[in-house]
Each structure stands twice: as C-alpha cells, then as structure tokens.
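Structure first, then comments.
The values are calculated or read from the model by the stated rules, or taken from the named source; none is laboratory data. Computed from a predicted model, the values in this text were never measured in an experiment. Using ideal geometry, Cβ is built from the backbone for each residue, glycine included, and neighbour counts are taken over all protein chains shown. Ligands, DNA and RNA are excluded from the accessible area calculation, which covers all protein heavy atoms including side chains. Shrake-Rupley method; radii C 1.70, N 1.55, O 1.52, S 1.80 Å.
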Amino acid sequence: MSNAALTPHSSLLSTHSPAPLLTADRVTRLYGDRIGCVDVSFSLWPGEVLGVVGESGSGKSTLLRCLSGLDRPTSGSVAFADPAGLIPDIFALDEQRRRGLMRTAWGIVHQNPRDGLRMAVSAGGNIGERLMDRGDRHYGSIREAALEWLARVEIDPARIDDRPSQFSGGMQQRLQIARVLVSGPRLVYMDEPTGGLDVSVQARLLDLLRALVRDLGLAAVIVTHDLAVARLLTDRLMVMRNGRVVEEGLTDQVLDDPQHAYTQLLTASVLAA
Amino acid sequence: MQKTVTSPLPPRDEAYNFAYLDEATKRMVRRALLKAVAVPGYQVPFGSREMPLARGWGTGGIQVTAAVIGPDDTLKVIDQGADDTTNAVSIRRFFARVAGVATTEATADATIIQTRHRIPEAPLEAGQILVYQVPQPEPLRKLESSEAETRKMHAWGDYGPMYVRLYEDIARFGHVATTYSYPVLVNGRYVMSPSPIPKFDNPKMHMSAALQLFGAGREKRIYAIPPWTEVKSLDFEDHPFEVQKWDEPCALCDAADSYLDEVITDDLGGRMFVCSDTHYCEGRRDAGHRGRLLGTDAGRALTRNEE
C-alpha cells in the first residue's frame, strides 16, 4: 500500500473543498480479545463516496458503527467538519450533542430496514420523525416534505399512510433512505444498502442512490461485499480483511489493478463485476 | 346539602399511626414531593410502600395524600368523577379510619381532593391540593420501553417521537384521536402524562390556583404541577389541541359545559349523557336546573334518593 493511494487523485482533489469532512484516526474497536477493526485511518472529502469492501467478519460494519457514532471505538478518534466548526472527536462530545449530529449532520441507512424504520408508524411518520425531532410543529409542512421525499425515492406518494410492513423490501430500503435524507445531512453511512434485494431492485436502488448522491452533493461511506455496487457508486475504495485495511485507492484502480493478494483474490472471485 | 346515603364512616383507629404511614416514610414522600414541586413535570422516584390495597388501585395517590394530610384537612375522593364508586368510598373510609379527618363530597369544601380519571368541574381554588392516582407516569413509555432511554429523552427534551404519535393520529383519523392521558408540556420543559383524565380536563391544569400532585405507586414515581404553572397540551400549529364536545347537554342537570358519560338505558339503543362529576350535577339540580330525563325511570336510576 503506497502512500500515494491514501490521498485522492489530483483530478478529484480539484473538485473537493480543501478540508476533509470526516477524518478517522487509527480507529480501533476490540470486542474483548476479538478484533472488530484495527487502526483504520482515512479522510473523506465533501461530496466523495468511499466504499468499504471485504468479506463477512472483516470489520466493515464495526467500522461503520464507530464512524457513525453508534459504537464507541476502543481507541482512536473520528473528526467531523460541522458547519459550525471542526469537531476533533465526535466521541469527546456529550451524548446529547452526538445524537443531535447523528440526526442532522449525518444519517445511517441500515442493512435491515427494520433497524432503521419504525415499523408500526406510517411512511409519512417515518420520514417526518427527523423533522419533528428538530422541532418542526406544522403538520401540513411535515406532510408536504414527506410527500416530496416519497416521490424522490420513487415510492407512490399515495402510500404515505401505509406502514413499512406493507412495503416490499426494496421500498422499505428506499423509505429508509428518504427518512435519513429529509433532514439534509452532508454525510450518509450505508451498510449493505442492496443486501437482500433481488438484482433488478438492486439496480433501481443503485440508480436512485447515484442520482441522490450526485444531486445533493452528499458524501457517503458505503459498506458492501458486492464489488459491483462498489464499482457503480464509489469514488474510492478501502479493502478490509481481519479488521485491517489491506488496500486503499481509487475504485477503478483497486478493482482493475489490485495490489494486495487478498484484493486480487476478492476481484478474481467475482463472476462478472 | 347532599342527599347522599353513605354508610357511616368508621371512627379514627388509634392503633394506626396518623394517616397510616410511619413518620419516616411520610418524610421520604414529602422530600420527593418538594423536589417534584421544584421541578414541575419531572418524575421523582420514591420508595413506594405496600399499602392495604392492591397496586393499581390508587396506592400512589394514597401515599401522597397520607404525606400531605393533616388533622384539620377535609378530604374528597372521586373515581371517574363520582364520589360514590367503590374505590372512592373505600379510600374515603380508609382516611377516616386512619387519620380521623373530615370527608366531603363538595369540591369547594375540600382541602385535599384525591382523584382518579377526572378533575372536578368546579374551578379549584388557592390552598386546595389535587392528588392524582397515576397508573403509568411515563408519557413516552408506549414509544420507548427502556427507562434509561426515556430518562435521557426527558433530560434532553427529546420529544420528537411524541409528535410522531400525534402525526400518526392525524394521518389516520384526521384529528388527534388520543382522548385520555393526553400528553402535556409543563412549564415549557417536561412532557408529562396527566394520568388517565380525559383531554377535556387538560385545560383545567393550566394556570390552576391549586397544587396538583401525582402519585404512581406501582411505578414508584411522584410528580407535580405547582399553582399558576403553564400546562400546554401538545399539538401541531395547524392542528391545535381540542377537547371533546357533545351534541346534547346533561340529561339530568342540563349542563352544557361539563364532561359527559354515556349511559346505556335499555337494549333498544336508548342512551343518555350525564355529568361524570356527580357532585357538580347534584349541585346544579339543587339550584333548579332540570335535564331532559330528570324524573323519568332512567333519570331516577342515576339520581340516588332524590325526588
């Protein structure tokens, strides 16, 4: 892993603002004697999409939980560039402030929509929750925002009062995305966003994600084991194995010219990426 | 004034300490009460005691009453607005026996009113204490089952999920369908459950001259609204809070401003609406107000020994 691979490509750099949005510094999470992830460091610039790939148990989800504030790292820090000023370590904040950021500054799209949605609450209520969290108290405007976001994630707005349990898996995933994006975060974490969906639904979801990320100028960290998803969505790629980053670089570069033996194995084992 | 037939109250039983609880326990409850009054709407944990009736039957209210009552107090107890239901009668007899205090059914004569499910119709005055029996003190419980989590939500004023509940009501029914235990914001700070009173009574809590104390025996929580405190029922700007309305006045006393219970009178669809506050209704009838069914069989069944 050369040092050059750690910084974004110069042509990409020109489109980024100079300060990174997110900086992970030697993030380590241990579960007793077991390793979650070890010494993961990287920076993410505004508008950039970073993919994290690796096999099951490689520490991808653990890393995502640490970055997104769900789980406190054993050591290391996560810095975030809030519009109000740089936060050197989100885990040094008190829990109230951190939760506030988790709702407004970034969002998390869970692998299983049941973890990210209130299943007993209608689609409109799910999308409106973040608005109500931040103090919106006008039913009409909350509903309007919900209708708008349903349309943006390609769910029939007539289904605003249906519950997620009445939705298909793909619709639930899109609803989760709407629920996260409604409050206008600058960064989105996605854990296997296409997991458990059939191929045609995956394709539609990927199209949607690509359009949203581009239109909203979102930065994203996408955890996936699917190299095709990584190829389609991400600018940069980190390959993880046994809790460590084994290779990092521009997505095409990593996928087309893998340097690390494990990455070579990973790319070679894909049927048609 | 009242024509009520009540079984005679037992005399004070000197075998019990005044108001049943021992003095140390009363002090503990009073400390919790002081804290509750100092932080309006905040749920203060307290060491709820075993009482000689089942938890869920008003043990929290009884412990609060026992902690604040003195020999000169006059106690009124209502259950669903009525003075003559089993629970109300039993609790009144209990305090007559263990504290020897005077009891009354007249709202204005009472210094302490212990209540379940209602606030009396007659406006309360300064110096009066309203003690609520509370089954579930946590307004967020249905939304969040973890106590650790609800405490954080209160501490941080994190009340978004409560509005999700109201949103769901409006989306499904066109209005907020919650009719009792309607959540309120106390003193602009804590969201509080008003206990299962109908939302009709919520406005009475706002800027009340009386001290309002809430005791939850099973859940071991005490909270309070001091006199002259702002109490706002949660709502949306474009869906303001509203109370229940009825198409007809009370069938016994013709009151159009009170909370009415629906009473089924036969198996042919006959029904009547009567005041739930029995003392208020009797007072109006004494003053000459006559409802549609007063004097009929149905009316007589509900007016005890009048006429």
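Inside the range B:153-165, residues that are more than 7 Å from chain A (Cβ to nearest Cβ) and touching a Phe, Trp or Tyr at 6+ places or on another chain (Cβ under 9 Å) make up a count of 3. When every residue of the range B:226-241 is checked against the conditions, at least one turns out to be closer than 30 Å to B:Gly291 by Cβ and either in contact (Cβ under 8 Å) with a residue 60 or more places away in the chain or in a helix (DSSP H, G or I) (or both).
If A:Ser56 passes every condition in (1) out of contact with any strand residue (DSSP E or B) (no Cβ under 9 Å at 6 or more places or on another chain); (2) at pLDDT 95 or above; (3) among the small types (Gly, Ala, Ser) but one, which one does it miss? Here A:Ser56 meets the rest and fails (2).
In the range A:105-117, how many are acidic (Asp, Glu) and within 14 Å of chain B (Cβ to nearest Cβ)?
Looking only at the range A:105-117, we keep the residues that are acidic (Asp, Glu), and these are A:115.
Right, trim to within 14 Å of chain B (Cβ to nearest Cβ) and you get none.
Matching residues across the range A:105-117 total 0.
Within the range A:90-104, if we keep just the residues that are over 17 Å from the mean Cα position of the chain (by Cα) and facing another protein chain (nearest Cβ under 10 Å), the residue that is surrounded by the fewest Cβ atoms within 10 Å (Cβ to Cβ) turns out to be A:Asp94. Of all residues in the range A:48-82, those satisfying the criterion of being assigned to a loop (DSSP other than H, G, I, E, B), hydroxyl-bearing (Ser, Thr, Tyr) and open to solvent by 10 Å² or more (accessible area, probe 1.4 Å) are A:Ser56, A:Thr74. Using the structure shown, decide if B:Gly174 is within 13 Å of chain A (Cβ to nearest Cβ), open to solvent by less than 10 Å² (accessible area, probe 1.4 Å) and modelled with pLDDT under 95. Here the answer is no, as B:Gly174 does not meet what is asked. All conditions in (1) under 13 Å from B:Met162 (Cα atoms); (2) outside any helix (DSSP H, G or I); (3) of a type outside the set (Phe, Trp, Tyr) hold for A:Gly125, with the sole exception of (2). Please go through the range A:118-129 and pick out each residue that is within 14 Å of A:Leu181 (Cβ to Cβ) and surrounded by fewer than 22 Cβ atoms within 10 Å (Cβ to Cβ). Matches in the range A:118-129: none. The condition of being within 14 Å of chain A (Cβ to nearest Cβ), open to solvent by less than 50 Å² (accessible area, probe 1.4 Å), among the acidic types (Asp, Glu) and out of contact with any Phe, Trp or Tyr (no Cβ under 8 Å at 6 or more places or on another chain) holds for B:Glu168.
Of everything in the range B:185-208 that is open to solvent by 20 Å² or more (accessible area, probe 1.4 Å) and under 20 Å from A:Asp136 (Cα atoms), the residue that is nearest to the other protein chains (Cβ to nearest Cβ) is B:Leu185. All conditions in (1) in contact (Cβ under 8 Å) with a residue 24 or more places away in the chain; (2) assigned to a loop (DSSP other than H, G, I, E, B) hold for A:Gly135, with the sole exception of (1). Taking the range B:249-276, which residues are part of a strand (DSSP E or B), of a type in the set (A, V, I, L, M) and open to solvent by 50 Å² or more (accessible area, probe 1.4 Å)? Hit for the range B:249-276 is B:Ile264, nothing else. Within the range B:209-220, restricting attention to residues that are under 16 Å from the mean Cα position of the chain (by Cα) and open to solvent by 10 Å² or more (accessible area, probe 1.4 Å), the residue that is nearest to B:Arg49 (Cα to Cα) is B:Leu211. Return yes when B:Ile119 is open to solvent by 10 Å² or more (accessible area, probe 1.4 Å), closer than 18 Å to B:Pro226 by Cα and within 15 Å of the chain's Cα centre (by Cα) and no when it is not. So B:Ile119 fails the test. Against the numbered list (1) away from chain A (no Cβ under 14 Å); (2) open to solvent by 30 Å² or more (accessible area, probe 1.4 Å), B:Lys232 comes up short only at (1). For B:Tyr182, state whether it is buried (at least 18 other Cβ atoms within 10 Å of the Cβ), over 27 Å from B:Lys245 (Cβ atoms), more than 12 Å from chain A (Cβ to nearest Cβ) and not charged (D, E, K, R). No, not satisfied.
Condition test on B:Leu130, is it open to solvent by less than 20 Å² (accessible area, probe 1.4 Å), under 25 Å from B:Leu211 (Cβ atoms) and away from every other protein chain (no Cβ under 14 Å)? For B:Leu130, the condition - open to solvent by less than 20 Å² (accessible area, probe 1.4 Å), under 25 Å from B:Leu211 (Cβ atoms) and away from every other protein chain (no Cβ under 14 Å) - is met.
In this structure, A:Gly243 qualifies as in contact with a Cys (Cβ under 7 Å, 6 or more places away or on another chain) and of a type outside the set (Phe, Trp, Tyr).
Mind telling me which of the residues A:Ala145, A:Ala151 ends up being open to solvent by less than 50 Å² (accessible area, probe 1.4 Å) and either in a helix (DSSP H, G or I) or within 14 Å of chain B (Cβ to nearest Cβ) (or both)?
Only one candidate passes the filter, namely A:Ala145.
Candidates are the residues of the range A:118-142 that are hydrophobic (A, V, I, L, M, F, W, C) and at the interface with chain B (Cβ under 8 Å from one of its Cβ atoms); the one that is farthest from B:Met153 (Cα to Cα) is A:Ile142.
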